[in-house]
Amino acid sequence: MEKKNIDWSNIGFGYMHTDKRYVSNYKDGKWDEGCLTEDDKIVMSECAGVLQYAQTCFEGLKAYTTEDGHIVVFRPELNAQRMVDSAKRLEMPVFPVERFVDAICEVVKANAAYVPPFGTGASLYIRPYMFGSSPVIGVKPAEEYQFRAFCTPVGPYFKGGAKPITIKVSDFDRAAPNGTGHVKAGLNYAMSLHAIVTAHEEGFDENMYLDPATRTKVEETGGANFIFVTKDNKVITPKSDSILPSITRRSLIYVAKEYLGLEVEEREVLLEEVKDFAECGLCGTAAVISPVGKIYNHGKEICFPSGMEKMGPVIQKLYDTLTGIQMGKIEAPEGWIKRIL
């Protein structure tokens with residue numbers, strides 16, 4: 001198969017139109033068979049549920065070319081199950097796990113020429129999403145829905161290596177107590193836009209959100225979970241009912257325990273104790289781990305011993321091991337890698 005004529009080493013992290021996308025419609029209580037289409041335009045009512053009441057959820061995952069030349073995706077069943085959980089919370093019909101995985105496979109196969117070659121640092125980003133498509137003027141769920149999945153090649157999140165970032169403790173809340181922080185709802189991200197724009201204007205790369213009830217415990221950023229390392233190399237991740245269950249974080253926890261032999265603790269993390277940690281990172285699909293060098297908390301700075309020049313040693317090992325698994329350099333746990341081609 002001939003790859004597209006793209007300068008793979010210099011593409012950014014943005015949208016690029018590809019040949020095919022998958023679409024399935026929900027009507028009269030059931031999903032249709034679904035199909036691939038070249039049409040990237042969506043036509044719907046001006047009163048569609050997604051436009052009036054933000055009834056939408058989404059996922060994000062990647063396809064890679066491995067060292068031995070195969071095209072694979074990483075743990076798609078977990079993305080499928082998380083979308084099931086999101087749909088239930090938003091009173092949307094569940095798109096079955098098996099169909100979700102099949103749709104991802106179809107999209108990747110149909111756009112295989114856009115999967116970047118091994119060694120370029122690039123990958124194929126896949127965006128499945130679902131939204132209410134029928135007219136809704138009263139506050140209630142839509143009756144019809146559409147599930148779609150498109151893909152786009154993206155470059156490495158960090159050009160020239162992952163330099164530690166500076167973040168701030170936000171004055172905004174990311175989620176409400178007993179709200180939707182634990183699901184991947186579009187409305188969560190809309191609410192975070194003002195906070196991230198404000199942080200950027202103030203010279204910071206990201207926000208640290210605290211728990212909305214007491215504002216004393218670390219939760220997550222707008223699009224990634226936190227991972228901390230203590231001075232005796234214990235890996236700690238915050239635990240909360242309003243944190244999105246990151247697939248990358250769950251994978252890193254397993255890697256820390258089973259591949260690196262590290263002690264791991266998932267628990268509530270007080271903001272007050274963050275100053276005592278040796279390393280800090282943000283983990284998610286896009287970057288795997290973004291190292292944090294400094295946290296600004298209303299006039300006070302928390303500077304991690306790992307510094308502002310490079311990843312700390314434990315986070316570097318976690319990053320290298322997980323990306324090695326994804327790229328086929330390191331043997332993966334059973335079921336983690338789904339081969340497409």
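Which residues, counting only those in segment 102-120, are farther than 13 Å from Lys3 by Cβ and buried (at least 17 other Cβ atoms within 10 Å of the Cβ)?
Ala103, Ile104, Cys105, Glu106, Val107, Val108, Ala110, listed by residue number.
Of all residues in segment 324-338, how many are open to solvent by less than 30 Å² (accessible area, probe 1.4 Å) and under 17 Å from Thr285 (Cβ atoms)?
Going through segment 324-338 one residue at a time, the tally reaches 4.
If only one of Lys300, Lys239, Lys234, Lys275 is within 28 Å of Ala185 (Cβ to Cβ) and modelled with pLDDT of 95 or more, which one is it?
Exactly one of Lys300, Lys239, Lys234, Lys275 is within 28 Å of Ala185 (Cβ to Cβ) and modelled with pLDDT of 95 or more, namely Lys239.
Taking the criterion of being open to solvent by 10 Å² or more (accessible area, probe 1.4 Å), part of a loop (DSSP other than H, G, I, E, B), touching a strand residue (DSSP E or B) at 6+ places or on another chain (Cβ under 6 Å) and not small (Gly, Ala, Ser), would at least one residue in segment 288-302 satisfy it?
no
I'd like to know if segment 195-213 contains one or more residues that are under 21 Å from Arg267 (Cα atoms) and out of contact with any strand residue (DSSP E or B) (no Cβ under 8 Å at 6 or more places or on another chain).
There is at least one residue in segment 195-213 that is under 21 Å from Arg267 (Cα atoms) and out of contact with any strand residue (DSSP E or B) (no Cβ under 8 Å at 6 or more places or on another chain).
Looking at the structure I just gave you, is Val139 β-branched (Val, Ile, Thr), over 21 Å from the mean Cα position of the chain (by Cα) and over 27 Å from Gly293 (Cα atoms)?
Against the criterion (β-branched (Val, Ile, Thr), over 21 Å from the mean Cα position of the chain (by Cα) and over 27 Å from Gly293 (Cα atoms)), Val139 qualifies.
So, Val50, is that one under 22 Å from Lys140 (Cα atoms), hydrophobic (A, V, I, L, M, F, W, C) and open to solvent by 80 Å² or more (accessible area, probe 1.4 Å) or not?
no
With the condition kept exactly as written, say whether any residue in segment 265-272 is under 22 Å from Leu124 (Cα atoms) and touching a residue at least 60 places away in the same chain (Cβ under 8 Å).
No, every residue in segment 265-272 fails to be under 22 Å from Leu124 (Cα atoms) and touching a residue at least 60 places away in the same chain (Cβ under 8 Å).
Do we have any residue at all in segment 191-198 that's among the polar types (S, T, N, Q), farther than 29 Å from Thr323 by Cβ and without any contact (Cβ under 8 Å) to a residue 60 or more places away in the chain?
Within segment 191-198, one or more residues are among the polar types (S, T, N, Q), farther than 29 Å from Thr323 by Cβ and without any contact (Cβ under 8 Å) to a residue 60 or more places away in the chain.
Looking only at residues that are in contact with an Asp or Glu (Cβ under 8 Å, 6 or more places away or on another chain) and among the aliphatic types (A, V, I, L, M) in segment 225-252, which one is nearest to Phe158 (Cα to Cα)?
Filtering first and then ranking leaves Val229.
Of all residues in segment 74-95, which are touching a residue at least 24 places away in the same chain (Cβ under 8 Å), open to solvent by 40 Å² or more (accessible area, probe 1.4 Å) and not acidic (Asp, Glu)?
Across segment 74-95, the qualifying residues are Arg75, Leu78, Arg89.
Just give me the residues in segment 128-151 being basic (Lys, Arg) and farther than 14 Å from Asp102 by Cα, in sequence order.
Lys140
The values are calculated or read from the model by the stated rules, or taken from the named source; none is laboratory data. Computed from a predicted model, the values in this text were never measured in an experiment. Because the Cβ atoms are built from the backbone with ideal geometry, glycine has one as well, and the counts that use them run over all protein chains shown. Ligands, DNA and RNA are excluded from the accessible area calculation, which covers all protein heavy atoms including side chains. Shrake-Rupley method; radii C 1.70, N 1.55, O 1.52, S 1.80 Å.
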